[in-house]
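**Q** Below are the structure tokens for one structure; questions will follow.
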């Protein structure tokens, strides 16, 4: 009988609405995983330790296996506040910036966030910094690179030779949810995924790229299109998505110097939408899986811990 | 004892969340008024006639006094659908376009809406057309004029010699409500009115005018400003308002040719905000009270009715 090998590290991404746990072997590969919807919005502060250890017990993880966590678990409303590192931040700063939660029987670390304390353009990220660390481990690039990380609060990140030098957050997904559910547009929306191949989506992206200024009018126009032209609810949603994603790209162009090719870090469906939208802006993409990069980043941070909480 | 004079006309503005009734004398002056929150969202279709006649009975209005109504009461979800007139529409078209609700003991008319059946920029209005009629009665202008009508769905209207030739709707107020209550920004907002003299408001307007493209980033930035700089919730709301109103003006500039002076039609607080914002764009304003214009428009439409349902 083969003796089961204990994992070297427990990698955790703990956000507002989800908890993901990966057990990593010595080489950084995933040997087991668990996901649940026990995000922070459903876990009281005193409950974090209990919830985590219950899962680790179920996964038979010995107490001497350390845990490296990223995500909103390190925010003010999370388990323990892990500070923001201010830009510019090297990836070594990020990797070495995890903080140990005191007074626990197990070594549990939380990754730092990043902040831009700019008076005109203040910004913060928490969780994405770990994926950027993973990006540089898996796919190192010398010189400048731009990473686009689509989501509720999409991040566009300028990195140079392993440092994060600038980033901009666009509340695209958040605005999409708020407008499609709580504005007049809710009467026109289908409850269906947006197809990246849809010409309606692509045309909407183009309109935002060509004239970002009239976004508040173009968003409203979805409603009269329903009333006057019987706009299909699926197309209405594609139009809303294209208008907003196109507006995000227009904003990224205004704020950052965009190269001909950028990195996208995210889930499959959203990455496909952004790839299609970026092609309308003449930009090609290297697509990276968000989960894979989070795991690589957490493993990289564990390697950087002084007591050698290493895994791959 | 002076005998009470029956009104010549009942003017009604019946919207989604409000009902306003004005009794007008021969000269168009208001002799009595009543307001309530019995908007269409709380009134079942079969209830409109009952609700109205109950108020008219309480106001002792004889059955031979006609009623002229504007607002969403004429929409598909209202009492009776009054069609849209397509642009271009003369003010005479609007005045003469009211439809009588059939089979009622009283003459009750509903104003038509306006529509722009443009494939790329479709648009609709319902209720504002009556205020435009009132504008031209109270304050006629030869040649071109632009009217800005701020609200949940702000309208910008191009009129020429008594015709409505173009209009654009911006969902500014709707987006403000959705984002301030249902996005991440809800954690940062005060529940207080926005001060038009606030330098925070004006600076936010300027940022939108200078660079409308990055609106989705500037909106998000309110959140890190709260986290990193302890942004006062009152200032957070002023910033959100300024960003959105500034974005609307940037869009209006992109879509319409704006003169040095425009008309604002609206309520007092919102008109003051827009006047302040427009001054940042180098545009001065003639401010008109929205209710006064609605009344004048309804009276004008009554004058145009063939059976002489006239008042002022």
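Any read-out appearing in this document is the output of simple, stated calculations on the displayed coordinates, not a laboratory observation. Keep in mind the model is a prediction, meaning the values are calculated, not measured. Backbone-built Cβ (ideal geometry, glycine too); neighbour counts: all protein chains shown.
**Q** Which peptide among B:227-235, B:157-165, A:173-181 comes first, and what is the full order, when sorted by highest mean count of other Cβ atoms within 10 Å?
**A** Per-residue Cβ counts within 10 Å, averaged per peptide and sorted highest first, yield A:173-181, B:157-165, B:227-235.
**Q** Is the shape of the range B:100-144 best called rounded, prolate or oblate, per the rule: a/c under 1.5 gives rounded, else a/b larger than b/c gives prolate, else oblate, with a ≥ b ≥ c the square roots of the Cα gyration tensor eigenvalues? Can you show the working numbers first?
**A** Working: a/c = 4.06, a/b = 1.29, b/c = 3.14.
Because a/c hits 1.5 or more and a/b fails to exceed b/c, the range B:100-144 counts as oblate.
**Q** Cα axis of helix A:172-182 to longest principal axis of chain A: angle in degrees, 0 to 90, nearest 10?
**A** For helix A:172-182, the angle is close to 60 degrees.
**Q** When Cβ neighbours within 10 Å are restricted to other protein chains, what is their mean count per residue of peptide B:250-259?
**A** If you average over the peptide's residues, the count of other-chain Cβ atoms is 3.
**Q** If the elastic network links every pair of Cα atoms under 10 Å, which of A:47, A:134, A:78 fluctuates the most in the Gaussian network model of chain A?
**A** Greatest mean-square fluctuation among the candidates belongs to A:47.
**Q** Counting partner chain Cβ atoms within 10 Å of every residue's Cβ in B:181-187, what's the average? Write out the running numbers ahead of the final one.
**A** Values: counts 2, 8, 11, 6, 4, 1, 1.
Mean partner shielding for this stretch: 5.
**Q** Further, regarding this structure: Relative to the longest principal axis of chain A, what angle (0 to 90°, nearest 10) does the C-alpha long axis of helix A:268-280 take?
**A** 40
**Q** List the relative contact order of chain B as a percent without decimals, with contacts defined as Cα pairs under 8 Å and 6+ residues apart.
**A** 18
**Q** On C-alpha positions alone, give me the angle between the axis of helix B:199-210 and the longest principal axis of chain B, in degrees, nearest 10.
**A** Roughly 90 degrees between the two axes.
**Q** Hey, another quick one. Could you check what % of the DSSP bridge pairs in chain B are antiparallel, to the nearest 5?
**A** Just about 65 percent of them are antiparallel.
**Q** Please give the length that would be gained between residue B:64 and residue B:261 if that part of the chain were fully extended, namely 0.36 nm times their separation in residues minus their C-alpha to C-alpha distance (nm, one decimal).
**A** Full extension from residue B:64 to residue B:261 adds 66.6 nm.
**Q** Another one. Placing a label point 7 Å from Cα toward Cβ, how far apart in nm is residue B:17 from its equivalents in the other copies, listed shortest first to one decimal?
**A** 2.6
**Q** Compute the label-point distances linking residue A:287 to its equivalents in the other copies; points lie 7 Å from Cα along Cα→Cβ; give nm, one decimal, shortest first.
**A** Ordered by distance, the counterparts are at 5.3 nm.
**Q** What does the copy distance list look like for residue B:54, label position 7 Å along Cα→Cβ, in nm and ordered from shortest?
**A** 5.2
**Q** Now, a different point. If we sort B:38-45, A:149-156 on the protection proxy, mean other Cβ atoms within 10 Å, highest first, what's the order?
**A** A:149-156, B:38-45
**Q** A further question follows. In whole Å, what is the distance between the alpha-carbon centres of the range B:39-87 and the range A:9-56?
**A** Cα centroid to Cα centroid, the span is 58 Å.
**Q** At 222 nm, what helix-only mean residue ellipticity would chain A give, in deg cm²/dmol to the nearest 500, using -39500 (n - 2.57) for each DSSP H run of four or more?
**A** Rounded to the nearest 500, it is -12000 deg cm²/dmol.
**Q** Using only atoms on other chains, find how many Cβ atoms lie within 10 Å of each Cβ of peptide B:219-231 and report the average. Before the final figure, lay out the partial values.
**A** Values: counts 6, 12, 10, 2, 7, 11, 7, 1, 8, 10, 4, 0, 1.
Mean number of neighbouring Cβ atoms from other chains: 6.
**Q** Looking only at the protein assembly as shown, where both bridge partners belong to it, what percent of the DSSP beta bridges are antiparallel (to the nearest 5)?
**A** Rounded to the nearest five, the antiparallel share is 65 percent.
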